Amino acid sequence: MPKIADIEGTPNKNALKFILKEPLTWGIARSYDNAEAAQDDPLAAALFDIDHVTNVFYIDQWITVTQDGEANWQDLAREIADPIRAAPAASAQSAETVAAASNVLADLSPEDQLRLEKINVLLDEEVRPYLQHDGGDLHILGLEGNILHIHYQGACGTCPSSISGTLRGIENMLKTIEPDIQVIAS
């Protein structure tokens, strides 16, 4: 159940952007212009059940709702918040990948588990907040010697820069604590 972190105005005075603390999808955009188009999407259908809602668009950690211009945003935003909070988060989409990674990581030696803890602290402090701001994230799939395998999620999973520039930036940052590390995205 995603919690709303912030609500932002948009250049369109009839649209509000709800920023969430956890993603609704992993890089899959959902856009609906009417209730009929949204009937197979429980979140969007619930939003269209609210008077004045005319459009719903969401991906990863944000959702934009457009109204017809006839409602007071303060009142309407409160109504819109309930279905958003009741929606399931996207974590199940990556559960299989993360579960497989957890099994692999549990088999690490105590020394490698300690190395991985230090790597995760750095990622949590310096990398993940930026990826999450852009609607993405990463999970560690494994550590084999000096090779760290990661899996990008959300918007990062389909972004060309995540495989080139971002990946190299992560590797260079990790080299400050693991000089011989090599990072590979799967």
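If I stretch the segment between Glu126 and Glu111 completely, what's the gain in nm (0.36 nm per residue apart, minus their alpha carbon distance), one decimal?
Working: separation 15, 0.36 × 15 = 5.40 nm, distance 2.28 nm.
Fully extending the segment from Glu126 to Glu111 adds 3.1 nm.
Setting aside same-chain residues fewer than 8 positions from Lys118, which lysines have a Cα under 21 Å from its Cα?
In chain and number order, the partners are Lys175.
All of the numbers you see were taken from the coordinates with simple rules; none came from a lab. Quantities reported herein were computed from a predicted structural model and do not represent experimental measurements.
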